[in-house]
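What follows is one structure encoded as structure tokens, with my remarks underneath.
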Amino acid sequence: MFENDAPLFGVRDVHKSYDNRPVLKGLDLDLFSADFTLLLGANGSGKSTFLRLCAGLVRPEGGSCFCAEADIASGPLWRPPPSALCAHAGHHLHLYSLLSVEENLSITRALLCPAVSVRDYLKLWQLEDAASRLVGQLSRGQQYRVSIARALMHAPKLILLDEPTSSLDDPSLGLLLRFLEQLRENTGSSILIATHDLGRLAPFASRILVLEDGRIMKDSRALQKGEQLSPAFSRQKCLEYYRERNR
């Protein structure tokens, strides 16, 4: 079991606006090894923006971040974790639609050099039958499964997923959850998922965060430590707060 008292990744005083409209307003957060964290919040609360910031896809107007395994602490500068340590899968698939599934995965393997072969990886994600098909010819659900597989191919330590259940059926979600559990057990990966799908994901969560008014308003880990609550009860309190605020 991985120790998770020291943060794997953290952000401090993060600010981000769009068209002069503040979205994140001094957000602070630490993420820990082997955590399975759900990020909850109303539509437009900044969940996707925060995940994209952590992945280095957009930059904040202010704030700093650090990664325990990359020595990137740099005061006020924003330097997110390198791609070798981080993975992001969201609404943009980051796939080449005119290349096949196998070719897309082969590019990722060439860039990040994971130990697994493309053939074994296709089998793991049950994509053998689609291996030679162009990504642009696949259904949205199949494309998203390829996108998830591509993002996780190098067994990253920090995994950022934006609404993964919106495009995955139950068998595909089962594949994803089993793979994530293996990464948590084998490498201590920290998983952060922005979601509204509490029915399918809440049973797997070790931590619940609620993003509201540009900040983390509720954190089950903080409740557990500050109020001496059990992990399950602290998560339940965060879920109740979120449901009450978003009825």
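The values are calculated or read from the model by the stated rules, or taken from the named source; none is laboratory data. Just so we're clear, the structure is a prediction, and the values are computed from it rather than from any experiment. Please note: Cβ atoms are built from the backbone with ideal geometry, for glycine as well, and neighbour counts cover all protein chains shown. Accessible surface areas use protein heavy atoms only, side chains included; no ligands, DNA or RNA. Shrake-Rupley method; radii C 1.70, N 1.55, O 1.52, S 1.80 Å.
Using a basic spin-label model with each label point 7 Å from the Cα along Cα→Cβ, how many nm lie between D28 and E128?
Those two pseudo-labels are separated by 5.2 nm.
Treating only the Cβ atoms of Lys and Arg (+1) and Asp and Glu (-1) as charged, compute the dipole magnitude of the chain about its Cα centre; round to the nearest 20 debye.
On the way: 29 positive and 28 negative charges, 73 e Å.
For this selection, approximately 340 debye.
Mind telling me which of R145, R221, R200 comes out most flexible in a GNM of the chain, alpha-carbon contacts under 10 Å?
It is R200.
With all protein chains present and a 1.4 Å probe, how do Y18, Y241, Y144, Y96 order by accessible area, largest first?
Values: Y18 85, Y241 55, Y144 5, Y96 135 Å².
From most accessible down to least: Y96, Y18, Y241, Y144.
Given a cut-off of under 8 Å on Cα pairs at least six residues apart, what relative contact order in percent is computed for region 10-110?
Working: 123 pairs, mean separation 22.9, N = 101.
It comes to 23 percent, rounded to a whole number.
Keeping all protein chains in position, work out how much accessible area D120 exposes to a 1.4 Å probe, and write it in Å² to the nearest 10.
About 90 Å², ignoring ligands and nucleic acids.
Can you compute 3J(HN,Hα) from phi for each residue in region 188-200, using the Karplus curve 6.51 cos²θ - 1.76 cosθ + 1.60 with θ = phi - 60°, rounded to whole Hz and x for Gly and Pro?
The phi angles translate into x, 4, 9, 10, 10, 10, 7, 7, 10, 8, 6, x, 8 Hz.
Net charge near E163: determine it from the other residues with C-beta under 10 Å of the C-beta of E163, scoring Lys and Arg +1 and Asp and Glu -1. Intermediate values should be presented prior to the final figure.
Numbers: positive: K47; negative: D162, D197.
Surrounding charge for E163 is -1.
Would you please give the FRET efficiency between D213 and T187, computed as 1/(1 + (r/R0)^6) with r the Cβ-Cβ distance and R0 = 22 Å, to the nearest 0.05? The partial results should precede the final answer.
Numbers: r = 34 Å, r/R0 = 1.56.
After rounding, the FRET efficiency stands at 0.05.
Can you tell me which aspartates and glutamates have their Cα less than 17 Å from the Cα of K123? Leave out same-chain residues fewer than eight positions away.
Correct list for K123: E102, E103.
Taking 0.36 nm per residue of sequence separation and subtracting the Cα-Cα distance, how much length would be gained by fully extending the chain between A110 and H94, in nm to one decimal? Could you put the intermediate results ahead of the total?
Details: separation 16, 0.36 × 16 = 5.76 nm, distance 1.58 nm.
My answer for the length gained is 4.2 nm.
Could you identify which residue out of G214, G46, G141 has the top mean-square fluctuation in a GNM of the chain using Cα springs shorter than 10 Å?
G141
Under a cut-off of 28 Å between alpha-carbon atoms, report the lysines in cross-link reach of K218, not counting same-chain residues fewer than 8 places apart.
Hits, sequence-local ones excluded: K16, K25, K47, K157, K237.
Between Q228 and A84, what is the label-point separation in nm under the 7 Å Cα-to-beta-carbon projection?
4.6
Hey, in the GNM for the chain with a 10 angstrom Cα cutoff, which one of L183, L85, L99 fluctuates hardest?
Its mean-square fluctuation being the largest, the pick is L99.
Test of understanding: what is the full-extension gain from R59 to D120, defined as 0.36 nm times their sequence separation minus their Cα-Cα distance?
Full extension from R59 to D120 adds 18.4 nm.
Pull up all non-local amide H partners of R79: gap of 5 or more, or a different chain, and H-to-H distance under 5 Å with H placed in the peptide plane.
Counting only residues 5 or more places away or on other chains, the set is C65.
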